[in-house]
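The values are calculated or read from the model by the stated rules, or taken from the named source; none is laboratory data. What you see is a predicted model, and the numbers here were worked out from it, not measured in a lab. Don't worry about glycine lacking a Cβ; one is built from the backbone with ideal geometry, like all the others, and counts go over all protein chains shown. Side chains included, ligands, DNA and RNA excluded: accessible areas come from the protein's heavy atoms. Shrake-Rupley method; radii C 1.70, N 1.55, O 1.52, S 1.80 Å.
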Amino acid sequence: MLAKRIIPCLDIKNNEVVKGINFEDLKSAGDPVELAKKYDDELADELMFLDITASSEKRKTILKLVEKISENIFIPFSVGGGVSEIEDIHNLLNSGADKVSINTSAVINPEIIDEAAKKFGSSTIVIAIDAKKVGDEYLVFTHGGKKNSGINAIRWAKEVYNRGAGEILLTSMDKDGTKSGYEINLTSMVVQCVKIPVIASGGARDARDIEEVFVKADAGAALAASIFHYENSGIIPIKKYLKSKGINVRL
Amino acid sequence: MEKKIAVIDYGMGNLKNVKNAFNFLGYSAKITGDFEDIKNATHLVLPGVGGFKDAMATLKRKGLVNPIKDAINEGRKFLGICLGMQLLFETSEEFGYSEGLGIFKGKVIKFDENAVNLIPHIGWNDIEILKPLEEFKGIENKSFFYFLHSYYCVPEEDIAAAVCDYYGKFTACVKKDNIFACQFHPEKSHKEGLALLKNFIES
């Protein structure tokens, strides 16, 4: 039976991990390769790297980092952030990334999804959707959540699926950073309208939240950042809890 | 004997991660499409992600079909991964009908869209080991491996070594003489995947 996946997310800026790192046993707490190895050891099912480096010149350094990570971890990993052209995808995959996640540029130019899926295979293309509730509908926001595209998130999810996306990374902006649990309603609606895995993101506080998004929304994977940074809520204890609740996880 | 591992390069998918895994295990491996390298290799690996038809066309165009068949016929150790497993069969129904290398009797078919909720099959799934092969040494039954595919192999001879359950059981590994092939990606399957690659080289 297919296991539900737990995916730690690392925000990378200028080759350093920038989100609340609290490990004491790492040589350099902000070293993405060390952190990746640690998560790999702790049975993370996959890793997500989000490059938030601003300038395009500095972004080239991400390729070297991807290469180094791919030499040290043997689980799938995705890289996203600022991917705007087919060439960006090509370069990331060639450097060792297994999947590439696209956000803003897919909204601006949806054809990039068809083209990328055709060229590299659907399974390498993850479409990231940042959604926020406005009135009584969920809308897609771009540019790191700064710009309202006015597009209905459910409609957009269906479209990216039809265009050949292999997975959807769905982040609830209302929940992100609140530690109040995943946005079950939104996740569930997206899961029901596509036939590709949905990775839920935004709001995770503990193992119960992950259980909830698996059981109630049937997400294929749960992504989180800060909760895995603390020893008492490491990936293995979370997986043990999920298993005790009858959820199929890789342990 | 010195081990010469050739990862066959025919322009399909990410070969570097296969090489990385062998390097991590302490072996040197070469990504190559060169006939001499393939001729001299003690161990050959045919990886691959992507379309069956394109892959066969590329193998033919690069003149790699005969060198691969020769290596197999000479009894050298051969590992097929994912698409590299599928290509060893006679035919695939991808885009209608495509001919494969025909090393194994059987065909490659797509998951039934009416029965299977999510296609491709992406993620970690456990396998049921059917035969206690050297390749599975140190790997527990029901271990998880990373899968990523929309098609699967249906052998028409008794070569299945492991099966996987995804809306019904399909063949996850096959073994015949010097050839071992798996539908999952050992290079992305953490400790169990690395163990399998090591066993392939050492067995």
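The simple Förster model, with R0 at 35 Å and r as the Cβ-Cβ distance, assigns B:ALA57 and B:ASP112 a FRET efficiency of 0.85. If both residues of a DSSP beta bridge must be in chain B, then about 60% of such bridges are antiparallel. For A:LYS195 and A:VAL18, the FRET efficiency from 1/(1 + (r/R0)^6), where r spans their Cβ atoms and R0 equals 30 Å, is about 0.30.
Proximity of backbone amide H atoms, modeled 1.01 Å from N, is registered between B:ILE127 and B:LYS142, B:SER143, B:PHE145 at under 5 Å, excluding neighbours fewer than 5 places apart on the same chain.
By the Cα gyration tensor, chain A has an equivalent ellipsoid whose semi-axes, rounded to whole angstrom, run 25, 23, 17 from largest to smallest.
The three principal axes of the Cα atoms in the range B:1-79 give end-to-end lengths of 34, 27, 17 Å, sorted in falling order. Between B:LYS131 and A:ASN72, the simple spin-label model (points 7 angstrom out along Cα→Cβ) gives 4.0 nm.
All Cα-Cα separations within the protein assembly as shown were binned at 20 Å from zero, giving a P(r) of 26, 58, 16, 0, each value a whole percent of the pairs.
Considering only beta bridges that DSSP places wholly inside the protein assembly as shown, some 40 percent are antiparallel.
What FRET efficiency comes out for the pair A:LYS64/B:GLU156, r = Cβ-Cβ distance, R0 = 51 Å, nearest 0.05? Intermediate results must be reported in sequence, preceding the final value.
Working: r = 47 Å, r/R0 = 0.93.
Calculated transfer efficiency: 0.60.
Taking every DSSP beta bridge that has both ends in chain A, the antiparallel portion is near 25%. Among the residues of the range A:64-83, those with an accessible-area drop of 20 Å² or more from chain alone to full protein complex, heavy atoms and 1.4 Å probe, are A:SER70, A:GLU71, A:PHE74, A:ILE75, A:PRO76. Please list log₁₀ I(q)/I(0) at q = 0.16, 0.17, 0.22 Å⁻¹ for the range B:1-46, using the Debye equation with identical point scatterers on the alpha-carbon positions. Reported log10 I(q)/I(0), two decimals: -0.37, -0.42, -0.69. Once a ≥ b ≥ c are taken as the square roots of the eigenvalues of the Cα gyration tensor of the range B:9-139, is the result rounded (a/c under 1.5), prolate (a/b larger than b/c) or oblate (a/b not larger than b/c)? Here the range B:9-139 falls in the oblate category.
Taking the Cα centre of chain A as reference, the dipole from Cβ charges on Lys and Arg (+1) and Asp and Glu (-1) amounts to some 400 debye. Ordering B:LEU15, B:SER28, B:GLY63 by Cα displacement along the dipole of the range B:14-163 toward the positive end leaves B:SER28 in first place; charges were set at the Cβ atoms of Lys, Arg (+1) and Asp, Glu (-1).
Using Cβ point charges alone (K and R +1, D and E -1), the dipole size of the protein assembly as shown about the Cα centre works out to roughly 140 debye.
For the range B:56-203, count all C-alpha to C-alpha pairs, find those more than 21 Å apart, and express that count as a whole percent of the total. Write out the running numbers ahead of the final one.
Values: 4537 of 10878 pairs.
For the range B:56-203, the share of Cα pairs beyond 21 Å comes to 42 percent.
Can you pull the Kirkwood radius for the range A:74-136, inverse mean 1/r over Cα pairs, to one decimal in Å? Evaluated on the range A:74-136, it is 12.2 Å. Model label points for B:ASN40 and B:GLU99, set 7 angstrom from Cα along the Cα-to-Cβ axis, are 3.3 nm apart.
Under the rule a/c < 1.5 gives rounded, and otherwise a/b versus b/c splits prolate from oblate, where does the range B:130-183 land using the Cα gyration tensor? Judged from the Cα gyration tensor, the range B:130-183 comes out oblate (a/c at least 1.5, b/c at or above a/b).
Using DSSP to call loops (not H, G, I, E or B), can you name the GluC sites (Glu not before Pro) in the range B:145-203 whose Cβ has at most 12 other Cβ atoms within 10 angstrom? Write out the running numbers ahead of the final one.
Details: sites: B:GLU156, B:GLU157, B:GLU187, B:GLU192, B:GLU202; in loops: B:GLU156, B:GLU157.
When the GluC sites (Glu not before Pro) of the range B:145-203 are filtered for loop state and at most 12 Cβ neighbours within 10 Å, B:GLU156, B:GLU157 remain.
In terms of overall dimensions, the C-alpha atoms belonging to the range A:28-130 reach 39, 28, 26 Å along their principal axes, ordered largest to smallest.
Within the same chain, lysines fewer than 8 places from A:LYS147 are excluded, and of the rest, those with a Cα less than 23 Å from its Cα are A:LYS13, A:LYS19, A:LYS132, A:LYS133, A:LYS158, A:LYS175.
Considering only A:LEU35, A:ASN14, A:ALA225, whose Cα is most displaced toward the positive end of the charge dipole of chain A, charges sitting on Cβ of Lys, Arg (+1) and Asp, Glu (-1)? It is A:ALA225, whose Cα lies furthest towards the positive end.
When only DSSP loop residues count, what GluC sites (Glu not before Pro) in the range B:18-116 have their Cβ near at most 10 other Cβ atoms within 10 Å?
Working: sites: B:GLU36, B:GLU74, B:GLU90, B:GLU93, B:GLU94, B:GLU99, B:GLU113; in loops: B:GLU74, B:GLU93, B:GLU94, B:GLU113.
Loop-located and lightly packed - B:GLU74, B:GLU113.
Could you tell me how far the Cα centroid of the range B:73-110 sits from the Cα centroid of the range A:103-176, in Å? Using only Cα atoms to place each centre, the spacing works out to 36 Å.
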